[in-house]
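The values are calculated or read from the model by the stated rules, or taken from the named source; none is laboratory data. Worth saying up front: this structure is predicted, and the values here are computed from it rather than measured. Cβ placement follows ideal geometry from the backbone for every residue including glycine, while neighbour counts extend to all protein chains displayed.
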Amino acid sequence: MASRQIILKLAQQVVLTMVNIKSYLTLNTQLKNQLNELNLNILGSDIQDKLTSLSEKDSILALIAYATDGTPLGFKIGFAEPENPTSFYSWAGGVTSCARGQGIASLLMEAQHKKLKELGFKQVTTKCREDRKAMIELNKKFGFVLKETYQSQSSPKYKKHLFCKELT
Ligand SMILES: CC(C)(COP(=O)(O)OP(=O)(O)OC[C@H]1O[C@@H](n2cnc3c(N)ncnc32)[C@H](O)[C@@H]1OP(=O)(O)O)[C@@H](O)C(=O)NCCC(=O)NCCS
């Protein structure tokens, strides 16, 4: 490995020791606000109403990555699929632009899958717009298999990919 790559890898490891991942099975007002702020910042859409309806479900899992000073850097949130309760739908997630490329999404993904297994889930599914290349690569890196590509109803300009992973 070239010395520049070794330095970058070491720097990444130092950053990751300063990131704290917390998981939540219920959402209070503060958490809903943090998740909405993150989604607004990362994906540009307000999800407050959706979070409110989700917080009324009993089977959600939200994870937030915090810097040592408590600043939220990234998140992941999803819920059990109503028609298949052992399957978890990972609905939304991302990392703030200044914190990307340091392994934070990977930490969130690992923590999510570990927690889902503890909770008894057998499978995780997720959908991703075809132009979100980084997220597509991240999903593939973590063993998601592309199941279907279809026209997005919410953004007619785009197709969406449906990914699935067995939690073994
Ligand atoms: C996708 C995203 C969460 C990745 O966050 P991150 O913390 O930078 O990711 P990591 O550093 O953990 O990278 C893990 C893997 O993701 C993939 N990846 C990350 N950034 C990438 C990029 N710019 N291009 C291609 N692949 C990328 C790579 O496979 C990478 O593994 P590698 O470092 O071994 O190459 C982040 O770019 C993001 O928030 N994007 C916008 C939000 C989004 O698209 N959300 C999904 C909506 S469906």
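Give the stretch 136-154 a look and list any residue that's more than 9 Å from the ligand (Cβ to nearest atom) and of a type in the set (Phe, Trp, Tyr), or say none.
144, 150
Conditions: (1) at pLDDT 95 or above; (2) more than 8 Å from the ligand (Cβ to nearest atom); (3) in contact with a helix residue (DSSP H, G or I) (Cβ under 8 Å, 6 or more places away or on another chain). Residue 55 meets all but one. Number of the miss?
That leaves (1) as the condition not met.
Taking the options 27, 51, 40, name whichever one is touching a Leu at 6+ places or on another chain (Cβ under 9 Å) and part of a helix (DSSP H, G or I).
Of 27, 51, 40, the one residue that is touching a Leu at 6+ places or on another chain (Cβ under 9 Å) and part of a helix (DSSP H, G or I) is 51.
For the condition surrounded by fewer than 16 Cβ atoms within 10 Å (Cβ to Cβ), without any contact (Cβ under 8 Å) to a residue 60 or more places away in the chain and within 11 Å of the ligand (Cβ to nearest atom), what is the one hit in 133, 117, 157?
After ruling out the rest, the residue left standing is 133.
Suppose the filter is surrounded by 13 or more Cβ atoms within 10 Å (Cβ to Cβ) and closer than 16 Å to residue 26 by Cα; does residue 52 pass it?
Yes: the conditions hold for residue 52.
Which condition breaks for residue 100 when tested against (1) in contact (Cβ under 8 Å) with a residue 60 or more places away in the chain; (2) among the charged types (D, E, K, R); (3) near the ligand (Cβ under 9 Å from one of its atoms)?
Every condition holds for residue 100 apart from (1).
Can you name the strands (runs of 3 or more DSSP E) wholly within the stretch 55-144 that have at least 3 residues being over 24 Å from residue 30 (Cα atoms)?
Values: elements: 60-66, 72-81, 84-95, 123-129.
Strands (runs of 3 or more DSSP E) meeting the threshold: 84-95, 123-129.
Taking the residues in the stretch 82-93 that are surrounded by fewer than 22 Cβ atoms within 10 Å (Cβ to Cβ) and at pLDDT 95 or above as candidates, determine which candidate is nearest to the ligand (Cβ to nearest atom).
92
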